[in-house]
Amino acid sequence: MKKIKIAVLVSGGGTNLQALIDAQKAGIIEHGEIAVVISGNPDAYALTRAENAGIPTAVVSKKLLGGSQEAFEAGILAEIEKAGAELIVLAGFMSILSEDFTARFPRRILNVHPALIPSFCGKGFYGLHVHEAALAYGVKVTGATVHFVNEIPDGGEIILQKAVDILPGDTPETLQRRVMEEAEWKILPAAVELVSHDLLAIENL
Ligand code: GAR
């Protein structure tokens, strides 16, 4: 059976990438396969996770490209094309992609965000900052969202969300971990399977 080839873009630890790798092995993702892992950061541990799983990797560093967004995105695009990827997953990818880039892949870029969009999202809300903001506001429930990526940061159509309770004594770190375990690592693989399945169905019409 043909599978949808996936490029996963990462920047750091890569626990969401690991969730995708594990879901692929477990058959939870059956209509897609990770064809390449692309990191914006040469030191990302996510690269080691990919290598351990036998998945090809590429590093495209904006810094090494003189800080140009255009060159950065051209580099990413070249790796996506080289791998033949038809679906792009931002799994802890900390750079914002331009409209030039996102417009090339309508409904073919997914992102996981560690809050219930439209809360605590948009420019400046990434990684631990999101959980700091949720705790500072005093909300009692947070969660994670997987959505399609368009030109508005965290503004594309929502695919899946899952709520997570905030507990007394939570720190940004304990909350981040609970949101990952209870929400992100479940809804990201589920959304990747949903979208891969739909893309294949359309191709087979
Ligand atoms: C995750 O919590 C992810 O949702 C978040 O960064 C963390 C990356 O962890 N992404 C964003 O904030 C993007 N706006 P990981 O590298 O272990 O997957």
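Work through the residues other than S98 whose Cβ is under 11 Å from its Cβ and net out their charges, Lys, Arg +1 and Asp, Glu -1.
-4
Among P168, S95, S196, whose Cα lies farthest out toward the positive end of the dipole of segment 46-205, if unit charges sit on the beta carbon of Lys, Arg (+1) and Asp, Glu (-1)?
Checking the options against the dipole of segment 46-205, the answer is P168.
Please find the FRET efficiency linking M1 to D22, where r is the Cβ-Cβ separation and R0 is fixed at 35 Å, and quote it to the nearest 0.05.
Taking R0 as 35 Å, the efficiency between M1 and D22 is 0.95.
Take every DSSP beta bridge with both residues inside the chain and express the antiparallel ones as a percent of the total, to the nearest 5.
That works out to approximately 40 percent antiparallel.
In a GNM of the chain with a 10 Å cut-off on Cα contacts, which of Y126, Y137, Y45 has the highest mean-square fluctuation?
Among Y126, Y137, Y45, the largest GNM mean-square fluctuation belongs to Y137.
Stretch E173-N204 to full length: gain in nm at 0.36 nm per residue minus the Cα-Cα span?
6.7 nm
Looking at this model, which pairs from K123/K186; K5/K186; K63/K186; K62/K186; K62/K140; K62/K123 are more than 29 angstrom apart at the alpha-carbon? Intermediate results must be reported in sequence, preceding the final value.
Numbers: K123/K186 25 Å; K5/K186 20 Å; K63/K186 33 Å; K62/K186 31 Å; K62/K140 38 Å; K62/K123 19 Å.
Over 29 Å Cα-Cα: K63/K186; K62/K186; K62/K140.
Which of the lysines could a cross-linker span from K2 if the Cα-Cα distance has to be under 21 Å and same-chain partners fewer than 8 positions apart are dropped?
In chain and number order, the partners are K25, K82.
What's log10 of I(q)/I(0) for the chain at q = 0.12, 0.13, 0.17 Å⁻¹, Debye sum over Cα points only, no solvent?
-0.58, -0.68, -1.17
Just to verify a number: FRET efficiency for V139 and S61, C-beta to C-beta distance, R0 = 45 Å, to 0.05?
Once the sixth-power term is evaluated, E becomes 0.80.
Work out, step by step, the length gained on full extension between D165 and N52: first 0.36 nm times the residue separation, then minus their alpha carbon distance; give nm to one decimal.
Stretched fully, the D165-N52 segment lengthens by 37.3 nm.
Laboratory data are not the source of any read-out in this text; all were calculated from the coordinates shown. As the structure is a computational prediction, the values presented were derived from the model and not from experiment. Please note: Cβ atoms are built from the backbone with ideal geometry, for glycine as well, and neighbour counts cover all protein chains shown.
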